[in-house]
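Notes to accompany the following structure.
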Amino acid sequence: MTKPINHRYRGPGLRAVFWAVILIWSVPAALAGAWTPKKGQVYLKFSANQFESDANFTVDGDSFDPFADFDDRFSKFRDQNLSIYFEMGLHDRLALIAGVIYKDIRQTTKLASLEVGLDNEGFADVDLGLRYRLSEGTNVWSVAVMAKLPYLYDNDDSFFALGNGQEDLETRLQYGRSLGKGFYSGLEVGYRFRNEEPSDEYRYLVELGWCDCCPEREVLFF
């Protein structure tokens with residue numbers, strides 16, 4: 001019989017995340033993508049993700065299976081997370097931007113009759129920065145500078161880290177185009193300067209969104 005062994009670190013819990021979402025959701029939302037909210041307005045985006053993998057990789061990025069010759073052994077990883085992204089207009093062209101992720105992660109390894117699980121749950125890295133809009137109209141260009149801050153967790157308190165525990169800096173060039181009837185498209189490219197290992201990183205994003213604008217509130221659906 002397989003005997004599971006679990007090591008788990010508990011963070012504030014999903015109840016704390018729920019109340020944080022309710023508190024922030026009470027603020028009216030504004031625009032999206034490369035656009036900046038008008039002074040005093042706020043834009044919010046919420047997303048939930050789940051990632052699962054049974055693949056293993058070397059530090060060079062090569063895939064390998066350490067249990068290829070053993071049918072009763074495996075290693076699996078699962079990451080469930082909720083993210084909150086926030087923008088507030090400091091000026092019609094300048095916005096404060098921030099984001100935080102709440103993670104529930106688990107690594108499971110089975111060796112013959114013994115199953116070992118390592119878990120962790122809590123807030124991960126915080127992104128904090130500024131976006132400046134360079135142009136107006138149907139086609140909008142913006143630049144942004146972001147810092148990744150590891151101040152909401154302590155890797156020394158857990159068997160399983162919620163982040164790499166280092167400060168990084170990122171620059172972005174963003175483009176947005178209005179498609180009419182509330183729809184918009186967006187493209188951004190960025191470069192992350194890492195304070196430590198691993199190496200620096202090129203980043204990109206392609207986005208399609210819709211803004212349902214009403215007199216009381218503007219809400220984004222994805």
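The values are calculated or read from the model by the stated rules, or taken from the named source; none is laboratory data. Quick caveat: nothing in here was measured; it's all calculated off a predicted structure. As a convention, Cβ positions derive from the backbone with ideal geometry for all residues, glycine included, and neighbour counts pool all protein chains shown.
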Can you name the number of the only condition in (1) within 30 Å of Trp141 (Cβ to Cβ); (2) surrounded by fewer than 16 Cβ atoms within 10 Å (Cβ to Cβ) that Leu111 fails? (1)
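Out of everything in the stretch 164-178 that is surrounded by fewer than 19 Cβ atoms within 10 Å (Cβ to Cβ) and within 23 Å of Ser199 (Cβ to Cβ), what residue ends up being farthest from the chain's Cα centre (by Cα)? Steps first, answer last, please.
Step one: filter the stretch 164-178 for residues surrounded by fewer than 19 Cβ atoms within 10 Å (Cβ to Cβ), giving 164-167, 169, 171, 173, 175, 177-178.
Checking the rest, the ones that are also within 23 Å of Ser199 (Cβ to Cβ) come to 164-167, 169, 171, 173.
Numbers: Asn164: 14, Gly165: 15, Gln166: 16, Glu167: 15, Leu169: 15, Thr171: 16, Leu173: 18 Å.
This residue is Leu173.
Could you identify the single residue in Glu188, Glu170 that is in contact (Cβ under 8 Å) with a residue 60 or more places away in the chain, acidic (Asp, Glu) and assigned to a strand (DSSP E or B)?
Numbers: Glu170 fails: in contact (Cβ under 8 Å) with a residue 60 or more places away in the chain.
None of the others qualify; the one that does is Glu188.
What residue, among those in the stretch 143-161 that are outside any strand (DSSP E or B) and without any contact (Cβ under 8 Å) to a residue 60 or more places away in the chain, is farthest from Arg194 (Cα to Cα)? I'd like the intermediate steps shown before the answer.
Going residue by residue through the stretch 143-161, those that are outside any strand (DSSP E or B) are 150-161.
Of the ones still in play, those that are also without any contact (Cβ under 8 Å) to a residue 60 or more places away in the chain are 150-152, 154-156, 161.
Numbers: Pro150: 13, Tyr151: 16, Leu152: 19, Asp154: 19, Asn155: 18, Asp156: 21, Ala161: 18 Å.
Result: Asp156.
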I'd like the full set of residues that are outside any strand (DSSP E or B) and either modelled with pLDDT under 90 or of a type in the set (Asp, Glu) (or both), limited to the stretch 99-136. Ala112, Ser113, Glu136
Residues (crowded, with 20+ Cβ neighbours inside 10 Å and touching a Ser or Thr at 6+ places or on another chain (Cβ under 6 Å)) located in the stretch 114-132: Asn120, Arg131
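Could you pull out the residue among Val116, Val140, Val100, Val145 that is closer than 18 Å to Gln80 by Cα and of a type in the set (A, V, I, L, M)?
Val100
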Would you please name the residue that is farthest from Gln41 (Cα to Cα), looking only at residues in the stretch 178-222 that are among the basic types (Lys, Arg) and at pLDDT below 85? Lys181
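Confirm whether Val140 is in contact with a Phe, Trp or Tyr (Cβ under 6 Å, 6 or more places away or on another chain), in a strand (DSSP E or B), at pLDDT 90 or above and crowded, with 16+ Cβ neighbours inside 10 Å.
Numbers: in contact with a Phe, Trp or Tyr (Cβ under 6 Å, 6 or more places away or on another chain): yes; in a strand (DSSP E or B): yes; at pLDDT 90 or above: yes; crowded, with 16+ Cβ neighbours inside 10 Å: yes.
For Val140, the condition - in contact with a Phe, Trp or Tyr (Cβ under 6 Å, 6 or more places away or on another chain), in a strand (DSSP E or B), at pLDDT 90 or above and crowded, with 16+ Cβ neighbours inside 10 Å - is met.
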Determine the pairs where a residue that is without any contact (Cβ under 8 Å) to a residue 12 or more places away in the chain, located within the stretch 105-127, has a partner that is assigned to a strand (DSSP E or B) with Cβ atoms under 6 Å apart, the partner being 6 or more residues away or on another chain. none
